[in-house]
Amino acid sequence: MKSFVEETGSESGFTIIELMIVISIIAILVAIVTLSMTVVRMKVREGACQANLKTLENMIEHYKIENDNKPPPDLDTLVAGGYLKRVPACPTGGPTGGNYSYDSATGVVSCPNKHKL
């Protein structure tokens, strides 16, 4: 009785080199997709931070209009006055945990990660 290999004249299946090439190609594709998703995620977080900064800027202006053009002493005053439900934080985190810094003398809010409007 002859074996299948002897009958067909060739072996069926993949060689180890072919398998390694396919696995390498798949690994490269996964790495490219992962890198792309990381970049997209950072851009979305930056956009959310810019929206937070714009909201804070608008609420400070509303506060000033209603309080004889005086800026609020801190961001918590906006929450206490009903201008905000809570003080937002930068979604990318950062060295201060994502908390925005506020200068009451100038009325300027800045991001710990240097995001700008």
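Each reported figure results from applying straightforward, stated rules to the coordinates on display, with no laboratory input. Predicted model only: the values in this text are computed from it and were never measured. In this analysis, Cβ positions are derived from the backbone assuming ideal geometry, glycine residues included, and neighbour counts consider all displayed protein chains.
Which value, in debye to the nearest 20, describes the size of the charge dipole of the chain about its Cα centre when Lys and Arg Cβ atoms bear +1, Asp and Glu Cβ atoms bear -1, and nothing else is charged?
Computed charge dipole of the chain: roughly 400 debye.
Any idea what the relative contact order of the range 14-110 is, in percent, if you count C-alpha pairs under 8 Å spaced at least 6 apart?
The normalised contact order for the range 14-110 reaches 23 percent.
When N counts the residues of the range 14-110, how does its alpha-carbon radius of gyration compare numerically with 2.2 N^0.38 Å, as a ratio?
1.83
Putting +1 on Lys and Arg Cβ atoms and -1 on Asp and Glu Cβ atoms, find which of Tyr100, Leu84, Ala31 reaches farthest to the positive end of the dipole of the chain.
Leu84
Residue by residue through the range 22-28, which ³J(HN,Hα) values in whole Hz follow from phi under the Karplus form 6.51 cos²θ - 1.76 cosθ + 1.60 (θ = phi - 60°), with glycine and proline marked x?
Once θ is set to phi - 60°, the couplings for the range 22-28 become 5, 5, 5, 5, 4, 5, 5 Hz.
Go through the range 83-90 residue by residue and turn each phi into a ³J(HN,Hα) via Karplus (6.51, -1.76, 1.60, θ = phi - 60°); whole Hz please, and just put x for glycine and proline.
Once θ is set to phi - 60°, the couplings for the range 83-90 become 6, 9, 6, 7, 6, x, 10, 5 Hz.
Running Debye on the range 72-111 with equal point scatterers at the Cα sites and no solvent, what base-10 log of I(q)/I(0) appears at q = 0.25, 0.32 Å⁻¹?
After summing over all Cα pairs, the log10 values are -0.88, -1.07.
Regarding the range 20-74, what whole-number volume in Å³ per residue does the convex hull of its Cα atoms give?
Spread over its residues, the Cα hull of the range 20-74 gives 52 Å³ apiece.
Zone of Thr55 (label point 7 Å along Cα→Cβ, backbone N under 18 Å): which residues in the range 85-117?
The answer is 85-94, 97-102, 109-113, 115-117.
Which lysines have a Cα lying under 20 Å from the Cα of Lys85, excluding residues fewer than 8 positions away in the same chain?
Qualifying lysines at Cα under 20 Å: Lys54, Lys64.
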